[in-house]
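Please treat every number below as a calculation from the coordinates, not as lab data. These numbers were taken from a predicted model, which means no experiment stands behind them. As a convention, Cβ positions derive from the backbone with ideal geometry for all residues, glycine included, and neighbour counts pool all protein chains shown.
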Amino acid sequence: MSDVRDPLYTSLAQRVIAILWPSFLTAGLATVLLFTWIDPAELSLYVPGAEGVTRLGAYSAGFFGLWAITAVSSALTSYFGRPAGR
Amino acid sequence: MSKAATPPEGNEQEFYAKRAKVYPREVHGLFARLRTAGVLGLLGIFYGAPWLTWGDRQAIWFDLPGRKFHVIGWTFWPQDFFLLALLLIIAALSLFFFTTLAGRLWCGYACPQTVWTEAFLWIERRIEGDRSAQMKLDKAPWGGRKLAIKGTKHAIWLIFALFTGLTFVGYFTPIAELMPRFFTFQTGGWETFWILFYAFATWGNAGFMREQVCIYMCPYARFQSAMFDKDTLIISYDEKRGEPRGSRKRGVDPKEKGLGDCIDCTLCVQVCPTGIDIRDGLQYQCIGCAACVDVCDQVMDKMGYPRGLVRYTTENAMEGKVTKVLRPRVVLYALLLLVLMAGLLYGIMSRNPVGIDVIRDRNVLFRELPDGRVENVYTLKLLNKSDSLREYHVEIRGLEGAELVIDRVMPVPVPAGGVVELPARVRLDPVVLDAPTAELVFIARVAGEPDAGNERAGRFVGRMR
């Protein structure tokens, strides 16, 4: 397994999984923490334009928003994890 | 696993090794039967549990839109979050405990990835046939027959996956109403999305990803070896007994030919759901499913050799030493688990069913009344976490001379598991304030319930700075 041909290093699919999957897990955790703390129904009272947002919609949108952010973090980690100067 | 410090230079494409599809051969035997029992039991719980009712509601209902989790007779609120955190810690610690004792028991018998993969494999085998038929079909050129077989398989997989997605969402929205709504295309946008998302994930993970989830995606698979010691139950090939391996005719004395007990039939490799060779030693890809144990025992029976060439054992037992079950870390995990479980039980039992939230009116800081006093407006939320109606008295304290005005007759009835919103006004002569603002405390009192935790602080604004 210490062969440089280890597909983990070269496969695009593995890299995509390594970016999307950990960010999915952490985004799920962050969503639970965020919406335990904040009730989106109350939030919609004070955010202009958010009057019609349902809780389920807010949870879902919140999850995907957080996933996007955590995916950016994972992607940067993956990018900086590669050797520089080539 | 990989200690390669530098990826290959130049064109990486040529080094790209495509994953070889694993076709696990069907296996019968003691551990296969145990796993089937586990799969049927767990799938039964998953698909059956949301249909149970408790009173006039679903017994297990994670009501996200209502921000309440119902578990049988209990109702949990966002305020009870620490209980969920405690439960997750207990779950993690249980996993560590069982891993130390019995290795990857979870992976081989109870992990959803294993359970649904087994179900999908079962369907695949009924339609495509066993390993050799599947391999032949995959090699064959696309034609009517292949299309029909693959199409049928995917249709059944997708129906199964869709039902799984529906059941999953049924934990969050009452399933008895969800099912008819789904089949008449009346589910809401997000509901539909999550049903399809979960169905897609089931289909993808159990139909295609399979062992790759364990090898590349599962964090537990990566760190479980840290919980292993020489007394942990593992699946191991008895190298001393098996080597040198080699084929031979039945009835031939292996000692005469200078061979060990392994006849090199490679069945242990063919049944392996992760496609490894257990004879190469303990590998992190091994999910401990014991398929190789079952199949090797059958081969040993046929050859007339004793069973257990591949068996559940421990490193110490393999070396001829005594296996100790009670080790310091096992005892420590067990004690920690007991303490945390007791804590969880105490936490659930001693939950205060009375709750109050205070929200200040955000539009008007304060209002001056004709009599010179100042009025602040709040919305009070009275929470009843119990399963029966309670009567609430609301009081304030901490602000000398303040008057609480609520346009409702006390006590206010709050239904079981319900919230009542109460507009409340607090009036006070601002001359008694030595600062522009002051803190006051709202208290919700219910006869027969403790007062601890029934208070919320609010801010009173008396004048501009």
Seminar exercise, completed: At q = 0.28 Å⁻¹, the log10 of I(q)/I(0) for region B:161-208 from a Debye sum over equal Cα scatterers comes to -0.99
Exercise. What does chain B give for Rg and for Dmax, in Å, if only its C-alpha atoms count?
Worked result: 31.7, 113
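Mean Kyte-Doolittle of at least -1.0 plus a Cα span of 15 Å or more along the axis: flag which DSSP H helices in chain B meet both, please.
What comes out of the filter, once short or polar helices are dropped, is B:30-48, B:81-102, B:112-128, B:144-169, B:189-204, B:291-303, B:328-349.
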Exercise. Which cross-chain or sequence-distant (5 or more) residues have an amide H under 5 Å from the amide H of B:Y171, H modelled 1.01 Å from N in plane?
Worked result: none
Exercise. Which FRET efficiency, nearest 0.05, do B:I359 and B:E400 yield, Cβ-Cβ r, R0 25 Å?
Worked result: 0.55
For this session: State, as an integer percentage, the relative contact order of chain B based on alpha-carbon contacts under 8 Å between residues 6 or more apart.
Result: 14 percent
Problem set entry | Mean shadow area of region B:20-178 over all directions, Cα convex hull, nm² | 12.9 nm²
For this session: Excluding residues on the same chain fewer than 8 positions from B:K385, give the lysines whose Cα lies under 22 Å from its Cα.
Result: B:K68
Problem set entry | Cβ-based charge dipole, chain B, positive-most Cα from B:L344, B:W77, B:L383 | B:L344
Exercise. How much net charge surrounds B:K146 when only other residues with a Cβ under 11 Å from its Cβ are counted (Lys, Arg +1; Asp, Glu -1)?
Worked result: +3
Seminar exercise, completed: By the rule of no other cysteine beta carbon under 4.7 Å, the lone cysteines of chain B are B:C107, B:C111, B:C214, B:C218, B:C262, B:C265, B:C272, B:C286, B:C289, B:C296
Problem set entry | Footprinting exposure proxy for B:T114, B:T274, B:T379 (fewest neighbouring C-beta atoms within 10 Å first) | B:T379, B:T274, B:T114
Exercise. Mind checking which aspartates and glutamates have their C-alpha under 17 Å from B:K324, skipping anything on the same chain fewer than 8 residues away?
Worked result: B:D229, B:D231, B:E315
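May I ask you to sort B:V322, B:V27 by Cβ crowding, counting other Cβ atoms within 10 Å and putting the fewest first?
Ordered by Cβ neighbours within 10 Å, fewest first: B:V322, B:V27.
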Exercise. If you rank B:I276, B:I72, A:I38 by fewest surrounding Cβ atoms within 10 Å, what's the result?
Worked result: B:I72, A:I38, B:I276
For this session: Under 11 Å from the Cβ of B:D229, count the other residues' Cβ atoms, weight Lys and Arg +1, Asp and Glu -1, and hand me the total.
Result: +2
For this session: Note down the net charge around B:M410, summing +1 for each Lys or Arg and -1 for each Asp or Glu among other residues with Cβ under 12 Å from its Cβ.
Result: -1
For this session: Take the cross-link list B:K230/B:K321; B:K255/B:K302; B:K21/B:K146; B:K255/B:K321; B:K257/B:K321; B:K21/B:K139 and give me the ones stretching past 21 Å between alpha-carbons.
Result: B:K255/B:K321; B:K257/B:K321
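Let me confirm one metric for peptide B:188-194, namely the mean number of other chain beta-carbon atoms within 10 Å of its residues' beta-carbons.
3
Okay, helix-only estimate at 222 nm for the protein assembly as shown: each DSSP H run of n ≥ 4 adds -39500 (n - 2.57), divide by all residues, round to 500 deg cm²/dmol; what do you get?
-13500 deg cm²/dmol
Over the Cα atoms of the protein assembly as shown, Rg to Rh with Kirkwood Rh, two decimal places?
Ratio of gyration radius to Kirkwood radius: 1.07.
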For this session: Of the options A:G57, A:Y79, B:I195, report the single residue whose Cα projects farthest towards the positive end of the charge dipole of the protein assembly as shown (beta-carbon charges: Lys, Arg +1; Asp, Glu -1).
Result: A:Y79
Exercise. Relative contact order for region A:7-80 using alpha-carbon pairs under 8 Å, separation at least 6, rounded to a whole percent?
Worked result: 44 percent
For this session: Report, please, the projected area of region A:7-80 averaged over directions, based on the convex hull of its C-alpha atoms, in nm².
Result: 5.9 nm²
